[in-house]
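Written below as structure tokens is the structure these notes are about.
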Amino acid sequence: MKSVEFARRRRQLMHMVGESGIVVLPSAPVRTRSRDVEYRYRQDSDFYYLCGFAEPDAVLALVPGRASGEFLLFCRERDADKELWDGSRAGPDGAVERYGADDAFPIDDIDDILPGIIEACTRVYYTMGMYSDFDARIAEWINALRSRETKGVHTPREFVALDHLLHDMRLYKSRAEIAAMRKSAKVAVRAHERAMRRIRPGMYEYEIEAEFRYEFRRNNAWVSYSPIVGAGSNTCTLHYVHNDQVLKEGDLLLIDAGCELDYYASDITRTLPVSGRYSDAQRAVYDIVLDAQLAAIDATRRDTPWNVPHDTAVEIITRGLKSLGLLEGSTQRLIKDEAYRRFFMHRTGHWLGMDVHDVGDYKVGDEWRLLEPGMVTTVEPGVYIPADSDIPPKYRNIGVRIEDDVAVTAKGPDVLSKGLAKEPRAIEEAMAAS
Ligand code: GLY
Ligand code: MN
Ligand code: MN
């Protein structure tokens, strides 16, 4: 992402916050995996969104209208010894030169500097409750100011949740963000294509997961969530991540895998026949989910309420389940009673962006939000048939989900993950290629 994009975001946020407000945002903490081994560091999405600075131990402050500088960054100092082990740091000088901060300071000096800047403000905006350590730091700074109130020191009177402003900004993707998301989706599409070519009965689910990780890393991307690679009855476990079972001839394989590239996520699901050909029963279920997905994508249009793609999918799936003999009764009644939820128990989509389940409200007050250009959602209906005694054996353990990433535009739905086989015939062809 170019530095002008970060500058534009800061300007927009500062405009909403207004003079006499201050935004304070911490970087993500380093997290321990086990004993002295850490997880790979991933910057906090809100923090990165505003400055593109990817180091830990940093705090960003935006002070609209402050004459001596509006964008301040507190970060680690340069340290030759530590950099020898962990790699280079920008340091305060680098924060100014490379990240456009108006002023930057060592993070160790924050207690001496930031309270004095907060003192001049009446409103403090921060992501309350996100990091309890940071909430406590803010309270300490405010208490330190309060203890000096009798000496004429001023303390802010309002503490405002930053999420509402910032997450609403993040919900509307700019042209540059849509381009980044298209690239992320493209890498994920290539990984799915690679996996389709490799699947053979007798392989293990983890071998297929490995194809995704390989394709992601060779494109400088990482998984955006733990890949779900489940065959047979595992297709019916929504968040299956063990990925350690064998692929059996005749089973379905559900793969839900996406990547994060340049801080933007993709999230794609395909359901494939392990043997390269769908059985009639699998195909019958697949066709219902595909019809539902195509109709839900078509409903992903501006000025359409958020729930309409879901309701569209629910109706098609309910009718489909009736046609298979798995539900009986009037379609309207089955929908009203949510009878379909035995087989389709999740929503049809979620916002997608820097996070796979991205930020942004789905309702405004009590009303579903209207879709608008720049919003990006997944469209991912599914049908999961349990192995219960009242289910005809041929349908048991069939789980099908089809998921694509869709941007709302003035011209209609724009499928960012387009090009990946989805029609049964196209999937069978893609799997036959080697
Ligand atoms: N991969 C997570 C989801 O589809 O929501
Ligand atoms: Mn998914
Ligand atoms: Mn999803």
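Since every read-out is calculated from the coordinates, none of them should be taken as a lab result. Please read these numbers as outputs of a predicted model, since none were measured by experiment. Cβ atoms come from the backbone with ideal geometry, glycine included; neighbour counts cover every protein chain shown.
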(message) To test your reading of the geometry: what angle, between 0 and 90 degrees and rounded to tens, separates the Cα axis of helix 205-217 from the longest principal axis of the chain?
(response) 40
(request) Using only the alpha carbons, work out the radius of gyration and Dmax of the chain in angstrom. (result) 25.0, 81
(message) Quick check: net charge around PRO309, other residues with Cβ under 12 Å of its Cβ, Lys/Arg +1 and Asp/Glu -1?
(response) -3
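Using r as the Cβ-Cβ distance of SER279 and MET345, and R0 as 25 Å, what FRET efficiency do you calculate, to the nearest 0.05? Present the calculation step by step, with values, prior to reporting the outcome.
Working: r = 24 Å, r/R0 = 0.95.
About 0.55, to the nearest 0.05.
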(request) Within 10 Å of each residue's Cβ, count the other Cβ atoms and sort VAL96, VAL63, VAL285 from fewest upward. (result) VAL96, VAL63, VAL285
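Only Lys, Arg, Asp and Glu count, each charged at its Cβ (+1, +1, -1, -1), so figure out the dipole size of the range 1-152 about its Cα centre, rounded to 20 debye. Provide the component values of the computation, followed by the final result.
Working: 21 positive and 27 negative charges, 125 e Å.
Dipole of the range 1-152, to the nearest 20 debye: 600 debye.
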(message) Need the full-extension length gain, GLU140 to VAL364, defined as separation in residues times 0.36 nm minus the C-alpha distance. One decimal, nm.
(response) 77.2 nm
(request) Please give every one of the aspartates and glutamates within straight-line cross-link reach of LYS151, meaning a C-alpha to C-alpha distance under 16 Å, and leave out same-chain neighbours fewer than 8 residues apart. (result) GLU119
(request) Working from Cα positions, state the angle (0 to 90°, nearest 10) between the long axis of helix 175-198 and the longest principal axis of the chain. (result) 40
(message) Under a crude label model (7 Å from the Cα following the beta-carbon direction), how far is ALA80 from ASP244 in nanometres?
(response) 4.8
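Can you compute the charge dipole magnitude of the chain about its Cα centre, using +1 on each Lys and Arg Cβ and -1 on each Asp and Glu Cβ, nothing else charged? Give it in debye, rounded to the nearest 20. Display every interim value, and only then the final one.
Values: 58 positive and 70 negative charges, 245 e Å.
Rounded to the nearest 20 debye, it is 1180 debye.
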(message) Which one, ALA284, ASN307, LEU254, projects farthest toward the positive side of the charge dipole computed for the range 233-322 from Cβ point charges (K/R +1, D/E -1)?
(response) ALA284
(request) Please list the equivalent ellipsoid semi-axes of the range 317-434, computed as the square roots of five times the alpha-carbon gyration tensor eigenvalues, in descending order and whole angstrom. (result) 29, 23, 12
(message) So if each residue of separation counts as 0.36 nm, and I subtract the Cα-Cα distance between ARG123 and ALA161, what length gain in nm does that give?
(response) 12.6 nm
(message) Can you give me the Kirkwood hydrodynamic radius for the range 352-392, using every pair of distinct Cα atoms, in Å to one decimal?
(response) 13.6
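Please give me the summed charge of the neighbours of TRP368: other residues whose Cβ is under 11 Å from its Cβ, Lys and Arg +1, Asp and Glu -1. Numbers along the way, then the final one.
Details: positive: LYS363, ARG369; negative: ASP311, ASP361, ASP366, GLU367.
Spelling it out: positives minus negatives among the neighbours equals -2.
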(request) Holding the Cα-Cα limit at 24 Å, pick out from LYS2/LYS173; LYS173/LYS363; LYS186/LYS394; LYS2/LYS82 the pairs that are longer than that. (result) LYS186/LYS394; LYS2/LYS82
(message) Angle check, please: helix 308-323 long axis (alpha carbons) against the longest principal axis of the chain (alpha carbons), in degrees 0 to 90, nearest 10.
(response) 20
(request) Using a cut-off of 14 Å between beta-carbons, work out the net charge of the residues near ALA67 (Lys and Arg +1, Asp and Glu -1, ALA67 not included). (result) -3
(request) Quantify how much of the Cα-Cα distance distribution of the range 220-292 extends past 21 Å, in percent. (result) 33
